[in-house]
Amino acid sequence: MNVDEMVRRAAPARVDGWAESAQGRTVLAGVRMRSVPRKSRTVRRIVGAVAVTGALVGASAAAWGVFGEEPPKGWHNPTGGVACADKLGQPRGLYILQPSDANAIDQCRDWWRTERRTEPPEPLFGCVIVMDDNDGGALIVVPGAPFKNAADACREAGMYAAPPEAIANPGR
Amino acid sequence: MDDTDERLERLFRAHADGLFRYVAHRIGVEEAGDVVGDTFVVAWRKLDRIPSGDERAWLYGVARRETLSRVRKRARGDALYQRLLNAGPQDGADIADGVLARLELWRALAELGPADRDILLTTLWTELTPAEAARVLGCSRPTYAVKLHRARRRLARALEERDMSPVLESVR
């Protein structure tokens, strides 16, 4: 049995019918009494939209300026493992390989050939995500097309470009 | 009943049971109804901003934040996991149903860091898709996949220390 099955089997019993129970109906009635849906006012919406757009533009510009460059000093890959993404951006699948000292991009080329039974979609680039909770970072190899270099591809994916030494020897 | 009332009613019928279960695991059944109520108060106020087709992830995201906020405010910390840590066979499950193994698993979960527990239970004790779970947890798909993988590894290690050896498969 794998970890997922063990955790699923340990889940407390399903709760069915709470929404229709007396407690559920009381909660819903309480929701309706505690508030009314806020009707949008045109002025408020325009002001809000301008403020939000400004904030997003500022945040995007800041992020755009950072992503694609090398990750912050002190980042580390605690497991030494490499993940292969099946596409750039928001991948549907991210396949995490066993830790190895082999070149990260070569590891993912092998993965494409052996697991996906296809030639790797070159170019492949090494990118880095940095966790926000002191859990270090992770090295992710992404298909880079249509980009010609790691900086642009990793920026597109919202990640940092992996330093060459991390790609050459991810397990170190 | 106008359109907003009907939408609220539909959302409540479709998701309140799952939300109650998700919240009850983490904060106890005593407060679960209150958290579900608070979640739907937010939903009621922001009904026109809940993305159509993405309601489940939106609601679970609000419920998770409400739950974490309550857990943080508790002087005694995460009561549910204290209860899991101290749980005994008298908790109602059948010995023949593997209750001892379940208790060991709960204790292993209880000893993980809160971020690991959060991602494991949000993934494995709900019916959220990986994309939805990533949105609920407020991270990108690659970050979600890496964090989930590491949480699984740490749980597997904790179970091995208890002589429960799960199979840790290569993870998508």
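Rounded to the nearest 10 Å², what accessible area does B:Thr129 show when all protein chains are kept and the probe is 1.4 Å?
Answer for B:Thr129: close to 60 Å² accessible.
Add +1 for every Lys or Arg and -1 for every Asp or Glu among the other residues with Cβ under 13 Å from the Cβ of A:Arg155, and state the total.
Net charge around A:Arg155: -3.
Quote to one decimal, in nm, the extra length available between A:Arg113 and A:Ser100 on full extension: 0.36 nm per residue of separation minus the C-alpha distance between them.
Contour length minus the Cα-Cα distance gives 2.9 nm.
Taking the Cα centre of the range B:1-77 as origin and charging only Cβ (+1 Lys, Arg; -1 Asp, Glu), how large is the dipole, in debye to the nearest 20?
Numbers: 16 positive and 14 negative charges, 139 e Å.
Here the size comes out at about 660 debye.
Provide, for q = 0.14, 0.21, 0.25 Å⁻¹, the log10 of I(q)/I(0) from a solvent-free Debye sum over equal Cα point scatterers in the range B:103-164.
Results for the range B:103-164 at q = 0.14, 0.21, 0.25 Å⁻¹ read -0.38, -0.78, -1.01.
What is the set of long-range amide H partners of A:Gly144 at a cut-off below 5 Å, with H atoms built 1.01 Å from backbone N?
Distant-sequence amide H within range of A:Gly144: A:Leu124, A:Phe125.
Protein chains only, probe 1.4 Å: how do B:Glu66, B:Glu127, B:Glu6 rank by accessible area, largest first?
B:Glu127, B:Glu6, B:Glu66
What are the ³J(HN,Hα) couplings of the range B:4-16, residue after residue, when phi is run through the Karplus curve with 6.51, -1.76, 1.60 and θ = phi - 60°? Round to Hz, x for glycine and proline.
Using θ = phi - 60°, the values come out as 5, 4, 5, 5, 4, 4, 4, 4, 5, 5, 6, 10, 5 Hz.
With contacts defined as alpha carbon pairs under 8 Å and 6 or more residues apart, what's the relative contact order of the range A:71-172 in percent?
RCO, the range A:71-172: 36 percent.
Can you pull the accessible area of B:Leu100 for me, 1.4 Å probe, Å² to the nearest 10?
About 100 Å², rounded to the nearest 10.
Subtract the Cα-Cα distance of B:Ala101 and B:Arg157 from 0.36 nm times their separation in residues, and report this length gain in nm to one decimal.
18.6 nm
Got a sec to turn the phi values of the range A:100-116 into Karplus ³J(HN,Hα) couplings, 6.51 cos²θ - 1.76 cosθ + 1.60 with θ = phi - 60°, whole Hz, x for Gly and Pro?
With the stated coefficients, the range A:100-116 comes to 8, 8, 5, 3, 4, 6, 5, 4, 6, 4, 4, 4, 4, 6, 7, 8, 8 Hz.
From the C-alpha gyration tensor of the range B:1-77, pull out the three semi-axes of the equivalent ellipsoid (sqrt of 5λ each), sorted largest to smallest, in whole Å.
24, 12, 10
Between B:Arg49 and A:Asp152, what is the spin-label point distance in nm, taking each point 7 Å from the Cα along the Cα→C-beta axis?
3.7
The values are calculated or read from the model by the stated rules, or taken from the named source; none is laboratory data. Owing to the predicted nature of the structure, the values given are computational and were not obtained by experimental measurement. Methodologically, a virtual Cβ is constructed for each residue, glycine included, from the backbone with ideal geometry; neighbour enumeration extends over all protein chains shown. Accessible surface is based on the protein model in full, side chains and every heavy atom, while ligands, DNA and RNA are left aside. Shrake-Rupley method; radii C 1.70, N 1.55, O 1.52, S 1.80 Å.
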